[in-house]
Amino acid sequence: MLLALLTDLHANRQALSACLDDAADFSPDRYVFLGDYVGYGADPEWVLDTVMHYVEWGAIAVRGNHDAATAGTLRRSMRPDAQAVIEWTRPRLASHQRDFLHSLPLTAELEQCFFAHANPWQPEEWEYVLSPADAAHALAAVPHKFIFCGHAHDPALYNLSSMGKLGHYLPVPGQAIPLAGPRRWLAIPGSAGQPRDGNPAAAYALFDTDSQSLTFRRVPYDNAGAAAAVRAAGLPEPLARRLETAG
Amino acid sequence: MARLDFQPGQQIDGFTLQEKLADGGMATIWAVSHAHFRGEMVMKLPRLRGEDDPTAIVGFETEQMILPRLHGPHVPAFVASGDFTAQPYLVMERVGGASLRARLDDLPLSVEVVASIGARVAEALHDLHRQQVIHLDIKPSNILFRPDGTAVLVDFGLARHDRLPDLLAEEFRLPLGTAPYMSPEQVLHDRNEPRSDLFALGVMLYYLLTGVRPFGFPTSQAGVRKRLWRDPTPPRALRADCPPWLQQIILRCLAVDPAQRFATAAELALVLRHPDQLPLTALADKREADALWPVFKRWLRALGREPVAQHSAAERLDRAPIVMVAVDVSPGQEALNESLLRSVRLLMSVAGEARLACVSVLKTQRIGIDFNEDEAGRNLRVKRMVSVRHWAKPLALPEARITFHVLAAPDPASALVEFARQNQVDHLIMGARESSALRRHLGSVSAQVVAESPCSVTVVRRREQAH
């Protein structure tokens, strides 16, 4: 089964549609959305409707912290820029979109795969997986062979060997990586809607559960258009610039 | 998970074990057959003794990851692999012929044989590096030869693929490799340097030539580290009939600093095939290992040294391509040759480590004439060599970056294509002659080269014609 894994879409219509177009060429059997459909970007309605449409047709979707904040179930406060967009987003959503955000689970599973937005050890606390130590923590929390999460916006791949050693690898886009062998893996596809690794192209990943082969993808998209939409909506300028520079 | 007691006749995923061929420390090799696959195959079964032997497991994982991604005549063709959940194995083509290890009983080998082995292994290494893989365990037992003499590299258990996770670097603190052949940077845990394979090849050529290993057979970490400062005895001190050029080539491979070695395996193959093109340096004449003072200085530098920059096989090859220019010095081609010179100069200035091979073809009447044999032929050859050198003079390239070759062949296009293929040329530049009755009659050399060449080809026209 071929999975298309998309995360941190952040109301970026241009990026999401480019990723979905790119993924369609590979005919994925199942789409998996790892959270943060809203926040930062200017098209929350379109992005939510699109994700909901995919979920209706069998896609898996979990809840991100921006989704929780918009639904009003986040206990912590966010940074001012992020909070400002949440306030802007909330009144724009229709009731079916709010209901969708409310209904999202924190985690999901499929065969040997485990999905969460931030981490598997305490998904509701939104701690990041940013280091090999975090990845080791995550791989100790659940027994699955493959963990996929988002929240951290940079693509990453960690593996835990049968000897308990943890490895980190900076993914090369387009290269099929075999995740076989007596080891377990944690992959972060990278943000589709707001890349921060210096490469403005949208990120997502494809995972073939049969051949256990993972491919990170980078998709150039109309990021100038997405930034213009952020500015036109009167959202904070740094959020527009970030789409242009991926800084 | 894995069993150790395999028997002839036993079935594994449809493969029938026939005969045990080798019993190594890390794996056993069996000849196998399969109803659906013809051709001779071997199955490699790792020896997994559990948690006490992680090198075998991770090395096998690494080979399972890399071998299926390799292709070409210099590696065994991949057939199938088995998962660790059941029985891990790798099935690959059985390469006929013994490994180079069998020759170790006959050491020392003749100069010609050593140079020929060196050139063939360097060609295989270049092909591997082009596929973005560094072998990192080059030694006689990992080198086989096909019946036509082509070198085949086996055992990718320590190899490094540019674009895939390096499972080994993550797992082990000790340097990985075979002690006598390990490069200084491998000693320092750098697994991203393609020129490490040139160092190991240098060790091997030294050994084949002299019967002595340049750095002995150290059994301790401290012993292995010594190669960071202690240079080997020059081969000519051990073998009087070693020609200066071969000593220079071997000692350059054994340089501590990878930047002092050949830029690529293709360049090494080129000089081994054309030793007359090698400008000799002080290395060629060296009669003894360095005195204590320079060794002491290197020792000081090696103290607490860590690996430096990150690099990769792909980057290395991009930086040091082999460029070939086909020069036609016949009268009337002056304007074209000027355009050709401009294009070559531009390309050589962009790729700062590029090597240029200037090739000119003497057209012979028929196959079988050897220009070296008669006086007239020799004269023609020398004259042609002089004109090609004259053409290249304005490029002002240092001797180490340029070679000259005069080929004699009835069909110039085929000769150029063949040279490009044999010397692993990355980019071929040639001029397009103006149209003429003769050209219409004979067909265009450049068109045939473009169609048949294994590499990129740039065809240069006279500037006036370009409009």
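Using the Karplus relation 6.51 cos²θ - 1.76 cosθ + 1.60 with θ = phi - 60°, the per-residue 3J(HN,Hα) values for segment B:263-276 come to 5, 9, 5, 5, 5, 4, 4, 4, 6, 5, 7, 10, x, 5 Hz, with x marking Gly and Pro.
Please compute, for peptide A:101-107, the average count of beta-carbon atoms on other protein chains lying within 10 Å of each residue's beta-carbon. Mean shielding count: 0. Note: relative contact order over segment A:90-191, using C-alpha pairs below 8 Å and six or more positions apart, is 25 percent. Over the C-alpha atoms of segment B:11-93, the Rg to Rh ratio, Rh being the Kirkwood estimate, stands at 0.95.
Among beta bridges identified by DSSP and lying wholly in chain B, the antiparallel ones come to about 55 percent.
Measuring between their Cα centroids, segment A:157-229 and segment A:1-21 lie 13 Å from each other. Backbone geometry of segment A:10-22 corresponds, through the Karplus equation with coefficients 6.51, -1.76 and 1.60 at θ = phi - 60°, to 3J(HN,Hα) couplings of 6, 6, 9, 4, 4, 5, 5, 5, 5, 5, 5, 4, 5 Hz, x marking Gly and Pro. Most simply put, the protein assembly as shown has about 60% antiparallel DSSP beta bridges, counting only bridges with both residues inside it. Relative to the 2.2 N^0.38 Å rule of thumb, the protein assembly as shown has a C-alpha radius of gyration ratio of 1.13. In the neighborhood of B:ASP23, defined by Cβ-to-Cβ distances under 13 Å, what is the net charge if each Lys or Arg adds +1 and each Asp or Glu adds -1? Combined, the nearby Lys, Arg, Asp and Glu give +1. The order of the peptides B:176-185, A:218-227, B:451-460, A:8-17 by mean Cβ neighbours within 10 Å, most packed first, is A:8-17, B:176-185, A:218-227, B:451-460. Shape analysis of segment A:66-163 based on the Cα gyration tensor places the equivalent ellipsoid semi-axes at 29, 16, 10 Å, largest first.
Once you put a point 7 Å from the Cα of B:SER414 and another 7 Å from the Cα of B:LEU280, both along the Cβ direction, what distance in nm separates them? Inter-label distance under the simple model: 3.8 nm. List the lysines whose alpha-carbon lies under 17 Å from that of A:LYS165, not counting same-chain residues fewer than 8 positions away? Here the lysines satisfying the reach criterion relative to A:LYS165 are A:LYS145. The DSSP beta bridges internal to segment A:2-245 are antiparallel in roughly 65% of cases.
I need the fraction of alpha carbon pairs in segment A:1-141 separated by more than 21 Å, rounded to a whole percent. When all Cα pairs of segment A:1-141 are counted, 42 percent exceed 21 Å. Summing Lys and Arg as +1 and Asp and Glu as -1 over all other residues whose Cβ lies under 12 Å from the Cβ of A:HIS144 gives a net charge of 0.
Taking the centroid of alpha carbons for each part, segment B:102-136 and segment B:400-425 are 22 Å apart. Taking every Cα-Cα distance in chain B and sorting them into 10 Å bins starting at zero, the pair-distance distribution P(r) comes out as 4, 18, 26, 24, 16, 9, 3, 0 percent. Across peptide A:180-193, the mean count of Cβ atoms from other chains lying within 10 Å of each residue's own Cβ comes to 3. Its residues counted as N, chain A yields a C-alpha radius of gyration over 2.2 N^0.38 Å of 0.94. If you take the alpha carbon atoms of segment B:47-161 and fit the smallest convex hull around them, that volume is 115 Å³ per residue. Taking the helices alone, the protein assembly as shown has a mean residue ellipticity at 222 nm of -10000 deg cm²/dmol, built from -39,500 (n - 2.57) per DSSP H run of at least 4 residues and averaged over all its residues. With q set to 0.11, 0.18 Å⁻¹, the log10 of I(q)/I(0) for segment B:100-316, from the Debye formula over equal scatterers at the Cα positions, is -0.49, -1.42. Shown here is the pair-distance distribution of segment B:171-219: with all Cα-Cα distances grouped in 10 Å bins from zero up to the longest one, the shares run 27, 52, 19, 1 percent.
Taking every lysine pair in chain B that is 8 or more places apart or spans two chains, those with Cα atoms closer than 18 Å amount to 4.
Where a number appears in this text, it was derived from the coordinates with a stated rule and is not lab data. These numbers come from a predicted model, not from an experiment. Every residue, glycine as well, gets a Cβ built from its backbone with ideal geometry; the counts of neighbours run over all protein chains shown.
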